[in-house]
Amino acid sequence: MILEARNLRKSFVRGTAVVDGVSFTLERGETLGIVGESGCGKTTLARMLMRLIEPDSGEIDFHGQNFLAARGSKLRGLRRGIQMVFQDPAGSLDPRMRVGAIVGEPLAIHEPRLSRAERRARILETLAAVGMEADALRRYPHEFSGGQKQRIGIARALILRPEIVIGDEPVSALDVSVGAQILELLTRLQREFNLTYIFISHSLPVVAQLANRVAVMRAGRFVEFGPAAEVLSRPADPYARDLLAAVPEIPV
């Protein structure tokens, strides 16, 4: 087990629980798909797992260490092991920075002792892994298509060689054919880099392509959780059944 979340809770305006008692474990090398409609708490959960926002209560253990209690250098050491690919490829890339600086920025923070040549070599290697040419290094995000921008975002997530990558709706802003290419890329990268994924989506067919286990989220809670084939073919919860019924065919 690489990650364990226990009873995570987060409330915002007027005390309404956005994430309400979520618990799960994550095994090395697997893909956990979290699916649910907009506003159900998926992104809030992802940001808590990254410690971009703090939960009101609950626990997160990463490699058996208390992730929520970590501070300073220990937090930086743990945080580099969990990276995120965001929903909007354009909005997640600083338009004023060149691609080389965007992809290499985590190295500047976490590995400042690397020489300029070493940093450049790592950036080029990672861009190549996501299918981007070396000439991307000096160009700006606006010069690329949506799919290429998402490849740049994936490269930025991979540059530190994380163990866990959280994909927060990483193909929802792309058209179907480009999204399919990104899903194929993520599948290949999982094998090549021995990655563990948490894949968040509102789309059951997208989750079905990648996930070993699936959690169905509604109103801040997991209402269904289990092996992907079981959840996608024989859901027990009425909401999960309704989600499944709304999709013409799910590949399992």
Inset, instruction - Taking Gln87 as the residue in question, decide whether it is in contact with an Asp or Glu (Cβ under 8 Å, 6 or more places away or on another chain) and either assigned by TED's automatic domain parsing to the domain that holds Ile182 or surrounded by 17 or more Cβ atoms within 10 Å (Cβ to Cβ) (or both). - result: yes
Legend entry - The lone exception for Arg113 - which of (1) on the phi > 0 side of the Ramachandran plot; (2) modelled with pLDDT under 95 it fails: (1)
Inset, instruction - Tally the residues that are in contact with a Phe, Trp or Tyr (Cβ under 8 Å, 6 or more places away or on another chain) and either modelled with pLDDT of 95 or more or not aliphatic (A, V, I, L, M) (or both), restricting the search to segment 1-22. - result: 5
Legend entry - Residues that are touching a residue at least 60 places away in the same chain (Cβ under 8 Å) and more than 20 Å from Ile82 (Cβ to Cβ), drawn from segment 36-60: Gly36, Glu37, Ser38, Cys40
Legend entry - So Thr43, is it polar (S, T, N, Q), in the same structural domain as Ile198 (by TED's automatic domain parsing), under 17 Å from the mean Cα position of the chain (by Cα) and under 30 Å from Ala121 (Cα atoms): no
Inset, instruction - From Leu114, Leu160, Leu127, Leu137, grab the single residue that is of a type outside the set (Val, Ile, Thr) and under 21 Å from Ile198 (Cα atoms). - result: Leu160
Inset, instruction - Could you grab me the full set of residues in segment 146-195 that are small (Gly, Ala, Ser) and either in contact with a His (Cβ under 9 Å, 6 or more places away or on another chain) or assigned by TED's automatic domain parsing to the domain that holds Leu49 (or both)? - result: Gly167, Ser172, Ala173, Ser177, Gly179, Ala180
Legend entry - Residue, nearest to Glu37 (Cα to Cα), within segment 165-223, restricted to residues that are crowded, with 19+ Cβ neighbours inside 10 Å and acidic (Asp, Glu): Glu169
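A quick yes/no check of all residues on (1) of a type in the set (Phe, Trp, Tyr); (2) modelled with pLDDT under 95; (3) under 22 Å from Glu169 (Cβ atoms):
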| site | (1), (2), (3) |
| --- | --- |
| Leu75 | no, yes, no |
| Ala90 | no, yes, yes |
| Arg98 | no, no, no |
| Ala108 | no, yes, no |
| Arg122 | no, no, no |
| Gly131 | no, no, yes |
| Glu143 | no, no, no |
Legend entry - Residue, nearest to the chain's Cα centre (by Cα), within segment 64-109, restricted to residues that are part of a loop (DSSP other than H, G, I, E, B) and of a type in the set (A, V, I, L, M, F, W, C): Phe86
Legend entry - segment 224-252 - residue that is touching a strand residue (DSSP E or B) at 6+ places or on another chain (Cβ under 7 Å) and among the acidic types (Asp, Glu) and, of those, surrounded by the most Cβ atoms within 10 Å (Cβ to Cβ): Glu224
Inset, instruction - Kindly indicate whether Arg161 is under 26 Å from Pro95 (Cα atoms) and surrounded by fewer than 22 Cβ atoms within 10 Å (Cβ to Cβ). - result: yes
Inset, instruction - With a cut-off of at least 3 residues that are among the small types (Gly, Ala, Ser), name the strands (runs of 3 or more DSSP E) lying wholly within segment 1-54. - result: 17-26
Legend entry - Residues of segment 61-84 classified as free of Cβ contacts under 8 Å to residues at least 24 places away in the same chain and crowded, with 20+ Cβ neighbours inside 10 Å, total: 1
Inset, instruction - Look through segment 22-42, keep the residues that are among the hydroxyl-bearing types (Ser, Thr, Tyr) and surrounded by fewer than 17 Cβ atoms within 10 Å (Cβ to Cβ), and return whichever of them is nearest to Ala246 (Cα to Cα). - result: Ser38
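The values are calculated or read from the model by the stated rules, or taken from the named source; none is laboratory data. Fair warning: this is a prediction, and the values are worked out from it, not measured in the lab. Counting neighbours? That spans all protein chains shown, and the Cβs are built from the backbone with ideal geometry, glycine included.
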